[in-house]
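The values are calculated or read from the model by the stated rules, or taken from the named source; none is laboratory data. Quantities reported herein were computed from a predicted structural model and do not represent experimental measurements. Note that each Cβ is placed from the backbone with ideal geometry, even for glycine, and that neighbours are counted across all protein chains shown. Areas reflect the complete protein model, heavy atoms only, side chains present, ligands, DNA and RNA absent. Shrake-Rupley method; radii C 1.70, N 1.55, O 1.52, S 1.80 Å.
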Amino acid sequence: DYGLIMRIAVIVLVIAAVLALIIWQIKRARKIVDGRNYYIERAIYGSFEDESDKNKVAGVLCDSVYEVQYIMGNRPVVGEDPTQFASRVDHPAPAKKRSELRKQNRAAMMPNTFTEITGLLEKQEFGKALEREELSVLGEYLRALINAEYRALNPLKKFWYRYIKFMI
């Protein structure tokens, strides 16, 4: 039957297209995650070609810190300056839910406080370029933050933030 063969062919083509899209999306996400890890490693070990390259690494790290804070549910409120935001992240309100308690525990496990990191972020954004040692501190913080948050996410959110939004 010609109609049955056409339906089977269409189904096979749709399945093949969906699988190709999934494979493409996974490769794309891995490329983005590997690129971010590359910048983190360069920041930690101080491998820069020149000053503009160092500023590019710092810019990627600064953006990534804010992205991961966003995933964690830490967003500045209207009228809140960066120092107030950092203080609120470092000293969250007493936990009422289990997820809030996990957020407090992750904040306590970080190698530096978010207030210290905010100072580095502001220095990069509004002032002088970060020194090599400061970039190393920022890279270590970002690595710890990403690892802690990725472990804490449920499988659906891991998939969403890694393969759809490319944020972690």
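Restricting segment 45-75 to residues that are in a loop (DSSP other than H, G, I, E, B) and over 22 Å from N147 (Cα atoms) leaves a set whose member that is modelled with the lowest pLDDT is S47.
Of all residues in segment 66-95, those that are at negative phi have Cβ atoms under 7 Å from Cβ atoms of residues that are assigned to a loop (DSSP other than H, G, I, E, B) and of a type in the set (V, I, T), 6 or more apart or on another chain, in V68/I168; I71/I168; D90/T113. Note on segment 98-128: residues that are more than 20 Å from the chain's Cα centre (by Cα), surrounded by 12 or more Cβ atoms within 10 Å (Cβ to Cβ) and at pLDDT 80 or above total 1.
Does I15 meet the test of being more than 23 Å from L121 (Cβ to Cβ) and either part of a helix (DSSP H, G or I) or out of contact with any strand residue (DSSP E or B) (no Cβ under 6 Å at 6 or more places or on another chain) (or both)?
yes
Name the one entry in R28, R42, R7 that is at pLDDT 85 or above, in a helix (DSSP H, G or I) and crowded, with 17+ Cβ neighbours inside 10 Å.
Criteria check complete, one pass: R42.
Of the residues contained in segment 79-97, none is found to be loosely packed, with under 10 Cβ neighbours inside 10 Å, of a type in the set (D, E) and part of a helix (DSSP H, G or I).
Under 7 Å between Cβ atoms, which residue pairs at least 6 apart in sequence (or on different chains) link something in segment 129-145 that is touching a residue at least 40 places away in the same chain (Cβ under 8 Å) and open to solvent by less than 10 Å² (accessible area, probe 1.4 Å) with a partner that is of a type in the set (S, T, Y) and outside any loop (DSSP other than H, G, I, E, B)? If the second residue must be of a type in the set (S, T, Y) and outside any loop (DSSP other than H, G, I, E, B), the pairs left are L142/S64. If you check D34 against the conditions, is it under 27 Å from the mean Cα position of the chain (by Cα), more than 26 Å from L153 (Cα to Cα) and of a type in the set (D, E)? The answer is no for D34.
In contact (Cβ under 8 Å) with a residue 12 or more places away in the chain and either part of a helix (DSSP H, G or I) or within 19 Å of T118 (Cα to Cα) (or both), is that true of I23? No.
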